[in-house]
Amino acid sequence: MENVSNHRSRLFTEYIIAVLLAGIVYYISVAPGVLWQDSGLAQIRVITYDFTGKLGLALAHPLYYLIAQLFQFLPFKDSAFKTNLVSVTFGTFTVANVYLLLSLLLTNVSYRRFAAGLGAVSLGLAHTFWQHCALAEVYSVSTFFVTCELIVIAKFVLTKNIKWYLLAWFLNGLECSNHMLATITLAAIIVWTISLTRTEGFKLRWLFPAAALWIIGAIPYEYLGLQAWLAGQPISDVIHSMLFGRYQKQVLNTTVSLKMLIASFAVICLNFPTPNILLIPAGMIKARRIIKPTMFNLLIIATIFHLLFAVRYSVRDQYTFFILPVLFLSLWIGLGSAWLISRKPKMKFVLIAFALIPPLFYAILPDVIERYKPSIGTAPIPYRNEAKYFFQPWKTRYVGPQKLAEEVFKIAPKNSIIIADGTSSRPLIYYQLAYNKRNDLTITNSLFANEPDGVKIRKLKRLLKSRAVFVIRPYPHYCPDWILKNFKLSKVNKICEIKE
């Protein structure tokens, strides 16, 4: 009993150390304020108490916004920064949970601390995960719940106490209220459970209380569906919105092109840019000998399911959806290192060195990319270096969105119209709503919608006699083509004013 107590005490101390180390890294890395695109939209939704959004219920993420509202009570001035801290907090505990999970799986294995630490560091410094700990995004909340589910399932495997299994279903329901990626983990748990009936004598009757607890955990999400139905939306439309939002085609896509495979491989290499990546197949091959076979099976199933989803999910920000595959691959790195170090102990210093290389790699990568490929495929945004913004996961002291908003507010005369796309409009709208700045300005992504181009041109010419009209990104797909083809654009600092 004393040894068990001492072990728990040491593990608790190690967990706290992992929390502190990860917390320091992510607090230093986090963006200090308002952001672009989806992150900026999240910050706007928080200050407007928007729990539903306009992209379908599958993209509502109600649990994230409930949590973000609680973070608004923190003693900081800027709401955007407080929203960013949600990612910092849940990313921090995800890394610590990876350490704890690997420690549980490797309890009786030599170099437990080393392997658990290597797995945690591999995740913590992986590009996709680190980046989403620096922005206002929902994904670090998902990774937190996934690791919690794996921890309680590991406890179930170790103790045979059904309460841990049931708790995993409740946690997955909560995760579903944050993001529908939870259903992929749930599918893995269900397939794994069915296998347990043959190998471990698991009784399927436990699926009934498990499903009930899942339903309870998913109440925040279910409430939005109920609300939509009571508002008069057909039940079929509600279900479709909850399952897919506007992305049914992408969610159900079953084809994978060579380009998608290459891009997927590149994303994995970006997250693990050192020879430690070879520990992934080593872990998958050898871990069955060093951890419980039932846990090995679950990790394999979940890894395959999440990888398959991410590889064939044909959306522009596909790399984002590798965050959970990256989590599972980090676990395999930890398990692979346990196997390797048990045979070659001196290799641990080499593995540690490799594990700490990613920050240096990300620091120099943008300069290398800009040297050989000056454009990375997106139109420029004022105060944003595309290569650095994407390839450097940290956003320490990054105030580009704030600078753009300040410039627009300074330049634009009273009652001006600002044409801005979904990426660049967020900081402008945020400062209007959060700080009541320049509410005389009209921020829009188009003018005279549903009118023929000829009518639009005539109306804009009349409008320009009384109001100034500016464009943030004067490029195709980011500014209406009829404006680019029929009007002059006069550069005013980093934005453009439309002239006849």
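Expressed as a rounded percentage, what relative contact order does the range 1-127 have, with Cα pairs under 8 Å and six or more residues apart?
Rounded, it is 28 percent for the range 1-127.
Compute the Cα gyration tensor for the range 185-231, then decide on rounded, prolate or oblate, letting a ≥ b ≥ c be the square roots of its eigenvalues: rounded whenever a/c is under 1.5, prolate when a/b is larger than b/c in the other cases, and oblate in all that remain. Prolate is the answer for the range 185-231, as a/c is 1.5 or above and a/b outweighs b/c. Computed extension gain for TYR49 through ARG246, at 0.36 nm per residue and net of the alpha carbon distance, reaches 68.7 nm.
FRET efficiency for LEU258 and ILE194, Cβ-Cβ distance as r, R0 = 25 Å, nearest 0.05? Once rounded, the FRET efficiency stands at 0.15. In whole Å, what is the distance between the alpha-carbon centres of the range 303-334 and the range 83-114? Their Cα centres are 18 Å away from one another. Label-to-label distance, LEU360 versus ARG289, with points set 7 angstrom from Cα along the beta-carbon direction: 3.3 nm. The eigenvalues of the Cα gyration tensor, multiplied by 5 and square-rooted, give the chain an equivalent ellipsoid with semi-axes of 44, 26, 21 Å from largest to smallest. Of the peptides 24-34, 188-198, 249-259, 84-94, the ranking by mean beta-carbon count within 10 Å, highest at the top, reads 84-94, 24-34, 188-198, 249-259.
Sum up the charges of everything whose Cβ sits under 13 Å from the Cβ of TRP332, counting Lys and Arg as +1 and Asp and Glu as -1, but leave TRP332 out.
+2
Taken one residue at a time, the phi angles of the range 468-476 give Karplus couplings (6.51, -1.76, 1.60, θ = phi - 60°) of 7, 10, 10, 10, 7, 10, x, 9, x Hz. Gly and Pro are set to x. The sum of -39500 (n - 2.57) across all DSSP H runs of n ≥ 4, divided by the residue count of the chain, sets its helix-only mean residue ellipticity at 222 nm to -20500 deg cm²/dmol. If you fit an axis through the alpha-carbon atoms of helix 79-105 and take the longest principal axis of the Cα set of the chain, what angle between them do you get, 0 to 90°, nearest 10? Approximately 20 degrees, to the nearest ten. Overall size of the range 400-499 from C-alpha positions, given as principal axis extents largest first: 38, 25, 25 Å. A simple spin-label model places pseudo-atoms 7 Å from Cα toward Cβ; at LEU20 and GLU500 they are separated by 6.9 nm.
Within the range 132-174, whose backbone N sits under 16 Å from a point 7 Å along Cα→Cβ of ARG205? Zone members listed by number: 162-163. Across the chain, the relative contact order, built from alpha-carbon pairs under 8 Å that are at least six residues apart, equals 18 percent.
Dividing the alpha-carbon radius of gyration of the range 153-279 by the rule-of-thumb value 2.2 N^0.38 Å gives 1.35. A Förster distance of 45 Å, applied to the separation of the beta-carbon atoms of LEU464 and TYR372, puts the FRET efficiency at 0.60. Taking the longest Cα principal axis of the chain as reference, the axis of helix 258-271 is set at about 70 degrees. May I ask you to list the lysines whose Cα is less than 24 Å away from that of LYS499, ignoring any residue fewer than eight positions away on the same chain? Candidates past the 8-residue exclusion: LYS410, LYS414, LYS456, LYS459, LYS461, LYS465, LYS485, LYS488, LYS491.
Taken one residue at a time, the phi angles of the range 413-421 give Karplus couplings (6.51, -1.76, 1.60, θ = phi - 60°) of x, 4, 6, 5, 10, 10, 8, 9, 6 Hz. Gly and Pro are set to x. Across the alpha-carbon atoms of the range 1-107, the computed radius of gyration and Dmax are 17.5, 56 angstrom.
Electrostatic tally near ALA60: other residues with Cβ closer than 15 Å to its Cβ, Lys and Arg +1, Asp and Glu -1, net -3. Can you tell me the relative contact order of the range 219-352? Whole percent, Cα pairs under 8 Å, sequence separation 6 or more. So the answer I get is 30 percent. Between LEU70 and ASP481, full extension at 0.36 nm per residue minus the direct alpha carbon distance yields a gain of 143.7 nm. Seen against the Cα atoms of the chain and their longest principal axis, helix 425-435 is set at about 90 degrees. Its alpha carbons give the range 147-213 an Rg and a Dmax of 11.3, 33 Å. The fewest-to-most ranking of TRP214, TRP482 by surrounding Cβ atoms within 10 Å reads TRP482, TRP214. Here the range 2-360 is assigned +1 on the Cβ of each Lys and Arg and -1 on the Cβ of each Asp and Glu. Its dipole about the Cα centre then comes out at about 1240 debye.
Once backbone amide H atoms are built at 1.01 Å from N, VAL492 has GLU497 as its partners under 5 Å, excluding neighbours fewer than 5 places away on the same chain.
Cα centroids of the range 199-249 and the range 127-190: how far apart, whole angstrom? With the range 199-249 and the range 127-190 each reduced to a Cα centre, they are spaced 16 Å.
Cα centroid separation, the range 17-67 to the range 347-375: 27 Å.
Values in this text are rule-based calculations from the coordinates and carry no lab data. In this text, all values refer to a predicted model and were calculated from it rather than measured experimentally. Every residue, glycine as well, gets a Cβ built from its backbone with ideal geometry; the counts of neighbours run over all protein chains shown.
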